[in-house]
1. Can you put 7, 16 in order, fewest other beta carbons within 10 Å first?
2. Per DSSP H run of at least 4 residues, take -39500 (n - 2.57); add these up for the chain, divide by its residues and hand me the 222 nm value, nearest 500 deg cm²/dmol.
3. Quick one: plug the Kirkwood hydrodynamic radius of the stretch 110-184 (C-alpha pairs) into Stokes-Einstein at 10 °C, 1.306 mPa s, and report D in µm²/s.
4. Over the Cα atoms of the stretch 60-99, what is the Rg over Rh ratio if Rh follows Kirkwood?
5. At most 16 other Cβ atoms within 10 Å and a DSSP loop assignment: could you name the trypsin sites (Lys or Arg not before Pro) in the stretch 86-184 that fit?
6. Pull up the cross-link candidates among the aspartates and glutamates for residue 50, meaning alpha carbon to alpha carbon under 19 Å and not fewer than 8 places away within one chain.
7. What pairs in 107/170; 99/170; 68/175; 63/143; 29/183; 11/107 have C-alpha atoms more than 28 Å from each other?
8. Pick out which of 58, 88, 146 has the largest mean-square fluctuation in a Gaussian network model of the chain, springs linking Cα atoms closer than 10 Å.
Amino acid sequence: MGLKPDHWIRKMAHEHHMIEPFVDTQVRKGVISYGVSSYGYDVRVADEFKIFTNVFSATVDPKNFDTKSMVDFSGEVCIVPPNSFALARTVEYFRIPRKVLTICLGKSTYARCGIIVNVTPFEPEWEGFVTLEISNTTPLPAKIYANEGLAQVLFFEADDECETSYADKKGKYQKQQSIVLPKL
């Protein structure tokens, strides 16, 4: 299994519609960068957010998630409260090939501000908009800029196809079209 370079990403995006919309260069001027990088793809965060709130004193339970623990927000700049958390989604829709696994990490610009982005791997044959988990670890409000880079996806291609893909096992987050909350 090996890390894939920019020319492989361009080829897979064009021939297999792996990333849509696809930006085949790195856009940097006046924005937090997005698009193809040397060995990855910098994804953009859409303008839809779900921000955790304690207004209703809900308990966060992954087996029985209470939607009252979040408020919906749409806009070009999302303010994540101090020591809080938000969910968002990518602008890009992904279709991961059967021999590919990805790892997604937050961008350095945000990490240096105490904003941590967590995303689980995109498994072989998973597809959908990516739900992004954004943590503000600081004691201050933090800005997240919609339609700009938030995280970098690294692509790894295996020598052989996996026996059971995410599509084969009918994964619960397959083909998600929006921010998807925890499911059991």
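1. Result, fewest neighbours first: 7, 16.
2. Taking each H run of at least 4 residues, the total per residue is -2000 deg cm²/dmol.
3. Working: Rh = 14.8 Å.
The calculation lands on 108 µm²/s.
4. On the Cα set of the stretch 60-99, Rg over Rh gives 1.08.
5. The qualifying sites are 98, 99, 112, 169, 170, 172, 175, 183.
6. Qualifying aspartates and glutamates at Cα under 19 Å: 61, 66, 72, 76, 92, 133, 148.
7. 107/170; 63/143; 29/183
8. The residue that fluctuates most here is 58.
Read the figures in this text as sums done on the coordinates, not as results from a lab. Small disclaimer: the values here were computed from a predicted structure and weren't measured. Ideal geometry is used to build each Cβ from the backbone, glycine not excepted, and the neighbour counts take in all protein chains shown.
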